Amino acid sequence: LMQASTAAALLLSTPAGATDFQKAVDIFGSDGDEAGSLMQQAFATIGKTLDKNFIDKRRPAPVRLPRTELYLPFAVLLMRSCYDAVDDLNFVPMDQFQIDFFLLRQNEWEKYLDENDCKQGYLSDPMYFDFISAAQFATITQQMEEGKLIFEERTGAEGTVNMVARDAKLQDNQLLPAAFFKVAGDKMYAGLMANFTGANFFTQPPSPLGADATDTQVIASLTLLYKKMVELGYALDVTVSGADELLPPDAFFQEAGRLEAFTHSFAAAGAAPARKQGAGRRVSFTLKAPATLWGRQWLGLQQYLHTDHDLMIAMAYLRECGRAATVHSKVDANSFTRQFVLL
């Protein structure tokens with residue numbers, strides 16, 4: 001009875017943290033987890049409080065379906081863009097981040113290795129990339145919850161100490177997830193355009209469209225972008241559906257309100273451009289056997305930011321086009337489906 005009362009009190013007084021962070025990346029499609037009933041969510045929170053092995057007992061099943069190898073330079077781009085975005089946002093000393101990242105992946109690696117036959121350090125292996133990218137996002141989320149405003153950071157072989165301060169526009173930790181998704185996504189898209197074009201590649205990534213581009217042109221470019229990511233090994237295949245569908249008026253206004261609420265709360269993160277001419281056209285991309293299938297589920301159990309690299313790139317592209325969209329994700333045992341609504 002004492003334990004239950006303590007847990008209930010903790011449930012009612014949970015501070016702002018990873019749960020609230022999900023709101024900060026809502027329009028990026030970071031939904032799709034099985035939310036469960038309010039009672040199920042309450043028992044999950046109590047379970048995490050009382051049982052330190054709560055997450056381990058509910059680990060996602062290993063991914064057994066075949067997945068394609070990632071093109072190694074692309075896998076490096078995704079990991080490096082996220083690391084550099086953390087560095088740019090100045091909410092944690094990077095020397096401390098590296099230590100915490102090492103300790104977290106060391107703690108989780110043996111458990112993962114017991115379930116999966118993969119070699120450490122092989123980024124092109126989707127089984128390893130799934131693990132290491134999830135460990136990176138878990139570390140990032142943990143550090144955001146305790147984000148610092150000013151700190152000492154040691155750099156270089158000699159450990160030179162520098163004072164670092166966070167941008168005045170991003171003082172609230174709740175702005176960090178949206179800012180991270182934006183900065184990392186911009187780096188990924190820029191890297192895609194700089195290093196993955198030309199005669200060596202069958203699919204060319206789309207260049208930004210002009211302000212007069214139609215919804216049909218935007219959807220065609222998004223389709224090309226997803227095909228490019230599949231070519232680079234991010235998923236086994238992608239299917240496109242619903243490209244000619246318009247939202248009913250009530251659903252359109254609901255999505256427009258969702259974007260407006262996000263912009264009102266997180267405008268300082270710079271992650272959403274102003275609405276232009278979209279009329280509520282929607283399109284869905286289903287990624288079969290994606291490289292982050294296990295990690296997204298594991299991160300979702302802990303209400304951490306998801307390894308949604310494809311969405312980060314797609315939203316960066318839409319910002320380059322001066323277009324706004326909301327996204328919904330549907331996750332099952334074999335695939336992710338991303339539904340974009342152009343607004």
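Odds and ends about this structure:
- Alpha carbon centroid spacing (whole Å) that separates the range 101-118 from the range 279-321: 24 Å
- M94 contributes an accessible area of around 10 Å² to the protein surface, as traced by a 1.4 Å probe with all chains present.
- Nonlocal amide H pairs with L305, under 5 Å, H built at 1.01 Å: T141
- Here r is the Cβ-Cβ distance between D212 and E110 and R0 is 51 Å; the resulting FRET efficiency, rounded to 0.05, is 0.40.
- Only Lys, Arg, Asp and Glu carry charge here, each on its Cβ (+1 for the first two, -1 for the last two); on that basis the range 89-244 has a dipole of about 400 debye about its Cα centre.
- Reported value for the range 248-321: 132 Å³ per residue, from the convex hull of its C-alpha atoms.
- Solvent-accessible surface (1.4 angstrom probe) belonging to Y122, in square angstrom, nearest 10: 120 Å²
- In terms of packing, defined here as the mean over residues of other Cβ atoms within 10 angstrom, the peptides 65-76, 292-303 line up highest first as 292-303, 65-76.
- Per residue, the Cα convex hull of the range 160-297 amounts to 188 Å³.
- Förster radius 41 Å - calculated FRET efficiency between I150 and E69, Cβ distance, rounded to 0.05: 0.45
- By average C-beta atoms within 10 angstrom, highest first, the peptides 257-263, 218-224, 137-143: 137-143, 218-224, 257-263
- The accessible-area ordering, largest first, of the residues H309, H328 stands as H328, H309, per a 1.4 angstrom probe.
- Accessible surface, the range 198-332, averaged per residue in Å² (probe 1.4 Å): 40 Å²
- Added length on full extension, which subtracts the Cα-Cα distance from 0.36 nm per residue, A279 to A267: 2.1 nm
- For the range 230-282, carbon and sulfur atoms together expose 55% of the accessible surface, with a 1.4 angstrom probe and every protein chain in place.
- For R338, R154, R319, the ranking by accessible surface with the largest value first comes to R154, R319, R338, using a 1.4 Å probe.
The values are calculated or read from the model by the stated rules, or taken from the named source; none is laboratory data. What you are looking at is a predicted structure, and each value in this text was computed from that prediction instead of being measured. We place every Cβ from the backbone using ideal geometry, glycine too, and count neighbours over all the protein chains shown. Keep in mind that these areas ignore ligands, DNA and RNA; they rest on the heavy atoms of the full protein, side chains included. Shrake-Rupley method; radii C 1.70, N 1.55, O 1.52, S 1.80 Å.
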